[in-house]
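Working notes, beginning with the structure itself.
The values are calculated or read from the model by the stated rules, or taken from the named source; none is laboratory data. In this text the structure is predicted, and so the values were computed from the model without any measurement. Cβ: placed from backbone, ideal geometry, glycine included. Neighbour counts: every protein chain shown.
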Amino acid sequence: MSDPIQSFYGRYADLYDAIATAPGVARWRRTAADALDLSPGDTVVEMGCGTGANLPFLRERVGSRGTVLGVDLTRPLLERAQERVDRAGWENVAVVQADATRPPVACADAVLGSFVVGMLPDPAEAVRDWCALADGRVALLDGTSSDHPVGALANPLFGAFVGGGAPADGLSASVRQALQTRAAREGLDERVGTARATLASECVDRRYDEHALGFVSVVSGRPR
């Protein structure tokens with residue numbers, strides 16, 4: 001992922017953390033952690049850990065004998081994640097600055113991608129790599145346009161949110177060209193759709209969980 005993404009999310013790290021930990025969001029994160037079927041002692045890697053909002057849920061499931069590794073490209077976000085780890089006193093949780101398209105580990109029991117595939121230049125390749133390193137399940141937590149009868153009415157607002165929160169050079173051409181239009185969310189939808197389709201082709205025992213009137217979903221599976 002490119003430097004503009006690091007610059008953008010680094011600049012708004014405080015706002016990003018506030019959104020990531022907003023009331024109600026914990027339910028999405030709990031679903032994502034549950035989708036991995038983790039057991040005490042497991043090792044789980046989160047791609048795109050941001051400020052570490054998912055780390056408590058992952059650590060809860062692997063316990064004190066397991067290992068949680070958070071991966072993100074943006075140093076200011078990781079600093080907040082490290083603060084979260086230090087406050088909790090978790091000795092088995094670590095965060096590292098690295099690119100999700102070049103995972104810093106060779107294997108893990110499970111992999112979680114959190115709101116990150118929509119920013120990757122080749123989401124299909126990234127998901128294939130994550131499936132290759134996971135001995136257990138892989139899950140993708142993402143936001144997209146909604147097909148829900150009620151949620152679909154708010155898709156234009158979602159497009160404005162996506163466009164306004166997009167770094168100038170991090171996403172697809174459609175997002176760069178039209179920040180508050182239908183094109184903004186279509187660029188994200190395409191990338192997330194590609195990632196989900198790849199997970200479906202690479203995995204069995206697939207599950208789909210939907211939240212926020214269809215705007216947030218968790219797709220998971222076990223690599224073949």
One residue from Ala132, Ala88 being without any contact (Cβ under 8 Å) to a residue 60 or more places away in the chain and more than 17 Å from the chain's Cα centre (by Cα): Ala88
Residue check for Arg65: of a type in the set (D, E, K, R), in contact with a Gly (Cβ under 6 Å, 6 or more places away or on another chain) and assigned to a loop (DSSP other than H, G, I, E, B): yes
Test set (1) modelled with pLDDT of 95 or more; (2) crowded, with 23+ Cβ neighbours inside 10 Å - Phe57 fails condition number: (2)
In the range 193-221, residue nearest to Gly118 (Cα to Cα) [restricted to those that are modelled with pLDDT under 95 and in a helix (DSSP H, G or I)]: Gly214
Cβ pairs under 6 Å, 6+ apart, first in the range 31-51 and over 10 Å from Val71 (Cα atoms) and acidic (Asp, Glu), second modelled with pLDDT of 95 or more and surrounded by fewer than 24 Cβ atoms within 10 Å (Cβ to Cβ): Asp37/Arg137; Asp42/Val62; Asp42/Gly66; Asp42/Asp109
Any hit, the range 173-186, residues being on the phi < 0 side of the Ramachandran plot and modelled with pLDDT of 75 or more: yes
Among residues of the range 111-142, those that are in contact with a Ser or Thr (Cβ under 8 Å, 6 or more places away or on another chain) and under 12 Å from Val218 (Cβ atoms), counted: 6
